Amino acid sequence: MTLLDRIHQLRLKAAAADDEEKIKRRSGEFTTLRERLETVVANAPRVETGRKELQSAGIVLDDFESNRAAALAVVEDLIATVQNLTVETKFDAVKMQGSSIEGYFKNSEKSVANAWKQNLPQAAPVVDDDLLDALEQGGVDVEGIRSDVARAESTLLVLINRTLPEQGDNAKLRKALDTLNSVGERIGELIDPTIADIVVRAQREGVPYSEMTPQVVSALKKLGILDRFRVVLK
């Protein structure tokens, strides 16, 4: 083998090693991009379910369609770029397109999460447990009300702590709130209608002192809730 042949052979080996290094580097870049995109799209099904659930509640994310169209266009560009990418071509364009896709999925999740949070009540309806205790001590069966309240409060706690709504969550939310808001009326169904009306109104706007007749006072005393009434000068 001549010296020139040996030099040519070494050059071929160096070029092959250089190409192998480029391929390994490019493979690593693709792996990193794939892992990033896999991470960011992992929640996509939950986000889409949440968006549909909000839509069923009459909450429409106005910019959803335009954002999705823009993201799909970027995906198509990314596919075309990758198909024509050579080992020597810089990866900058692919990284930028990948970042745009990441941004879309992150923003979509944030948008659905914020809309769900705004759909939740700022504060749950307050149930007067002391009143239920007093009625129970007075012989009124409030166990059914207590059970329903406990389930409603448990449901609300789950929904309030859920970042993204799941299918059927809006119906669960409405049912739980209706249950808690109806406690006063349900109490009214368990005791004398006249007394029930006073008890229910007393929990809201109050009742005139003139309505606290001896008969009413006697009935409230019998129920064990007379000491829960207060006279307020307006």
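The values are calculated or read from the model by the stated rules, or taken from the named source; none is laboratory data. Just so it is clear, the model here is predicted, and its values are computed rather than measured. Counting neighbours? That spans all protein chains shown, and the Cβs are built from the backbone with ideal geometry, glycine included.
For this structure, a couple of remarks:
- Within region 207-234, the set of residues being surrounded by 12 or more Cβ atoms within 10 Å (Cβ to Cβ), hydrophobic (A, V, I, L, M, F, W, C) and in contact (Cβ under 8 Å) with a residue 12 or more places away in the chain comprises MET212, VAL216, ALA219, LEU220, LEU223, ILE225, PHE229.
- Of everything listed in (1) in contact with a helix residue (DSSP H, G or I) (Cβ under 9 Å, 6 or more places away or on another chain); (2) assigned to a helix (DSSP H, G or I), the single unmet condition for LYS222 is (1).
- The one condition from (1) assigned to a helix (DSSP H, G or I); (2) touching a residue at least 60 places away in the same chain (Cβ under 8 Å); (3) surrounded by fewer than 17 Cβ atoms within 10 Å (Cβ to Cβ) that ARG68 does not meet is (2).
- Across region 116-171, the number of residues qualifying as within 12 Å of the chain's Cα centre (by Cα) and polar (S, T, N, Q) comes to 6.
- Helices (runs of 4 or more DSSP H) (entirely within region 82-160) containing at least 2 residues that are of a type in the set (Gly, Ala, Ser): 92-119, 143-160
- Count of residues meeting criterion [surrounded by 14 or more Cβ atoms within 10 Å (Cβ to Cβ) and assigned to a helix (DSSP H, G or I)] in region 31-47: 7
- Within region 71-90, if we keep just the residues that are loosely packed, with under 13 Cβ neighbours inside 10 Å and of a type in the set (Asp, Glu), the residue that is nearest to ASN107 (Cα to Cα) turns out to be GLU76.
Conditions tested, residue by residue: (1) among the β-branched types (Val, Ile, Thr); (2) in contact with a helix residue (DSSP H, G or I) (Cβ under 6 Å, 6 or more places away or on another chain); (3) closer than 30 Å to LEU173 by Cβ.
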site	(1), (2), (3)
PHE64	no, no, yes
GLU76	no, no, no
SER99	no, no, no
PHE105	no, yes, yes
ALA113	no, no, yes
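- Scanning region 220-234 for residues that are under 16 Å from ARG201 (Cα atoms) and among the aliphatic types (A, V, I, L, M) gives LEU220, ILE225, LEU226, VAL231, VAL232.
- Long-range neighbours under 8 Å by Cβ, at least six apart or interchain, first residue assigned by TED's automatic domain parsing to the domain that holds GLY103 within region 27-52, second of a type in the set (Phe, Trp, Tyr) and in a helix (DSSP H, G or I): VAL40/PHE105; VAL41/PHE105; ASN43/PHE105; ALA44/PHE105; VAL47/PHE105; GLY50/TRP116; ARG51/PHE64
- Filtered residue count, region 164-192, keeping only those that are surrounded by fewer than 13 Cβ atoms within 10 Å (Cβ to Cβ), assigned to a loop (DSSP other than H, G, I, E, B) and not small (Gly, Ala, Ser): 2
- Residue within region 142-163 that is under 30 Å from VAL74 (Cα atoms), in contact (Cβ under 8 Å) with a residue 12 or more places away in the chain, surrounded by fewer than 16 Cβ atoms within 10 Å (Cβ to Cβ) and not assigned by TED's automatic domain parsing to the domain that holds ARG34 present: yes
- Checked against the criterion of being assigned to a helix (DSSP H, G or I), aliphatic (A, V, I, L, M) and within 30 Å of ALA171 (Cα to Cα), region 51-62 has at least one qualifying residue.
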